[in-house]
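Read through the structure below, which is laid out as structure tokens, and then see the notes.
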Amino acid sequence: MAIHVPMSSPDITAAEIAAVNEVLRTPVLSIGPRLNAFEQAAAAVAGVTHGIGVNSGTSGLHLCMIAAEVGAGDMVMTTPFSFIASANCILYEQGVPVFVDVDPATGNLDPNLAAAAATDLAQGGTAADHWLPPSLRGIRRPEGRLRALLPVHAFGQPADMDPLIEVARSQDLTVIEDACEAIGAAYKGRPAGSLGDAAVFAFYPNKQVTTGEGGMIVTSRESWAGLFRSLRNQGRDVFDGWLNHTRLGYNYRLDELSAALGLAQLNRLDELLEKRARVAAWYEERLAGAEFVETPRSAASTTRMSWFVYVVRVLPPARRDLVVRLLAERGVPSRPYFTPIHLQPFYRQRFGYRDGDFPVTEHLGAVSLALPFSGVMTEEQVDTVCSALHEAVKHSVMASPASD
Ligand SMILES: *Cc1c(COP(=O)(O)O)cnc(C)c1O
């Protein structure tokens, strides 16, 4: 029973180690041939024409907000059931996140609510208030307009993009896909990353593909590709001489070591995703039918799942937070997932959000539990986690509420 199970682990082979070592024998450690090759490989995965490597997924999302011309007081519609970076990127450009609640089955942006919100925001005035952050209603309404839609493919499952794209078309909105958790996923046969005007993948060590730190913007918009290359490199345009800067830019470059690692990982993408799917299937076998535990479901529109995390729902009378503690006592790590963005202290304070504002997101936030997950997990480790989970759930049901 003393099997150590980490929350996540990268899947690194001799090929990755050799690729990184090789870079160290060259003089080019940034903006070189590995970055080019990695960008082309990532664009191919997304089925688009351009990849632009950046130093994190968050940096990529920030640059997409600039490309979408989000400025002070402009609004961007997005989901509160996500990692905080998908909303923070809007704030970096003084934009206003307009949260819309999610589909209870998938945890992804609800297209019907998105349509209603877009119509009301276009009308403006009091019709808009219902969708605006509480502190920006009435006389404090944002000055700008709704510019963009930023759906997130939560946990590696694509959002229901067709109706969302329809909303964007009818209201002239830019669509940025946060595909940071969904590299390799497909929606009705179309790859995640090809569904909007631009998309972002992320390569933190717990993601399906890692570069240590890193991210990738993918797009088929030629002019945007040039803009992203300039913005990530201190605002230098391709035709600018050394130390000439056309616009305000950033140092969001991805180094050659990371790019070499990423390319070696992308060469193994199918294998990486298959291994993760196999681990998910082991979990499903052991947890299907377990009392008070619901296993993840994929929507009919998801033609390929890219398993990022394995998140179950712990339902009453079982108690999720107690289950986390009981699992920890058995040496099994687990995480509540996601803490809704609108309830993060900074968002409550700045925008006046309160409990109850987004009930579906809050329900999911209260019952969701991420279990240890990676492509290198063994069946024995999955056994360990599942036995511990069965026990913990049973105990949490029997324990008195006072022990919570
Ligand atoms: C991982 C992730 C990001 C950002 O990734 P970093 O590379 O850590 O900046 C953004 N959005 C979502 C939904 C993510 O899961």
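The values are calculated or read from the model by the stated rules, or taken from the named source; none is laboratory data. These numbers come from a predicted model, not from an experiment. Glycine gets a Cβ as well: all are built from the backbone with ideal geometry, and neighbour counts include every protein chain shown.
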* To do: Considering each residue of the stretch 196-215, count those that are over 16 Å from Asp178 (Cβ atoms) and within 7 Å of the ligand (Cβ to nearest atom), and give that number.
  => 1
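Can you name every residue in the stretch 28-38 that is surrounded by 21 or more Cβ atoms within 10 Å (Cβ to Cβ) and either at positive phi or within 16 Å of the ligand (Cβ to nearest atom) (or both)? Please lay out each step first, then the result.
Going residue by residue through the stretch 28-38, those that are surrounded by 21 or more Cβ atoms within 10 Å (Cβ to Cβ) are 34-35, 38.
Phe38 - this is the single residue of the stretch 28-38 that is surrounded by 21 or more Cβ atoms within 10 Å (Cβ to Cβ) and either at positive phi or within 16 Å of the ligand (Cβ to nearest atom) (or both).
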* Provide a single number: the residues in the stretch 48-61 that are part of a helix (DSSP H, G or I) and buried (at least 24 other Cβ atoms within 10 Å of the Cβ). => 4
* Structure fact -> Over the stretch 318-369, the set of residues assigned to a loop (DSSP other than H, G, I, E, B), closer than 12 Å to Phe99 by Cβ and touching a strand residue (DSSP E or B) at 6+ places or on another chain (Cβ under 7 Å) is Phe358
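In this structure, does Thr49 turn out to be within 12 Å of the ligand (Cβ to nearest atom), touching a residue at least 12 places away in the same chain (Cβ under 8 Å) and either farther than 24 Å from Asn267 by Cα or not assigned by TED's automatic domain parsing to the domain that holds Thr339 (or both)?
Working: within 12 Å of the ligand (Cβ to nearest atom): no; touching a residue at least 12 places away in the same chain (Cβ under 8 Å): yes; either farther than 24 Å from Asn267 by Cα or not assigned by TED's automatic domain parsing to the domain that holds Thr339 (or both): yes.
Here the answer is no, as Thr49 does not meet what is asked.
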* Check the stretch 230-243 and report whether any residue there is assigned to a helix (DSSP H, G or I) and within 30 Å of Pro10 (Cα to Cα). => yes
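Looking at the structure I just gave you, is Ser170 without any contact (Cβ under 8 Å) to a residue 60 or more places away in the chain and out of contact with any strand residue (DSSP E or B) (no Cβ under 8 Å at 6 or more places or on another chain)? Give the derivation first.
Values: without any contact (Cβ under 8 Å) to a residue 60 or more places away in the chain: yes; out of contact with any strand residue (DSSP E or B) (no Cβ under 8 Å at 6 or more places or on another chain): yes.
The answer is yes for Ser170.
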* If Ile3 passes every condition in (1) surrounded by fewer than 17 Cβ atoms within 10 Å (Cβ to Cβ); (2) touching a helix residue (DSSP H, G or I) at 6+ places or on another chain (Cβ under 9 Å); (3) at pLDDT 95 or above but one, which one does it miss? -> (3)
* Tell me which residues, restricted to the stretch 65-91, are crowded, with 24+ Cβ neighbours inside 10 Å and either within 11 Å of the ligand (Cβ to nearest atom) or assigned to a loop (DSSP other than H, G, I, E, B) (or both). => Ala68, Val70, Thr78, Thr79, Pro80, Phe81, Ser82, Ser86, Ala87, Cys89
* To do: Answer yes or no: is there a residue in the stretch 187-195 that is near the ligand (Cβ under 10 Å from one of its atoms) and crowded, with 20+ Cβ neighbours inside 10 Å.
  => no
* Within the stretch 319-350, can you find the residues that are within 17 Å of Ala366 (Cα to Cα) and of a type in the set (S, T, N, Q)? -> Ser334, Thr339, Gln344
* To do: Of all residues in the stretch 278-316, count the ones that are within 16 Å of the ligand (Cβ to nearest atom), out of contact with any Leu (no Cβ under 7 Å at 6 or more places or on another chain) and assigned to a strand (DSSP E or B).
  => 0
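From the list Val314, Val367, Val360, Val309, which one is hydrophobic (A, V, I, L, M, F, W, C), in contact (Cβ under 8 Å) with a residue 24 or more places away in the chain and farther than 29 Å from Ala186 by Cβ? Give the derivation first.
On the way: Val367 fails: farther than 29 Å from Ala186 by Cβ; Val360 fails: farther than 29 Å from Ala186 by Cβ; Val309 fails: farther than 29 Å from Ala186 by Cβ.
Residue meeting the stated conditions: Val314.
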* Structure fact -> The residue that is farthest from Gly352 (Cα to Cα), considering only those in the stretch 161-198 that are under 15 Å from the mean Cα position of the chain (by Cα) and charged (D, E, K, R), is Glu181
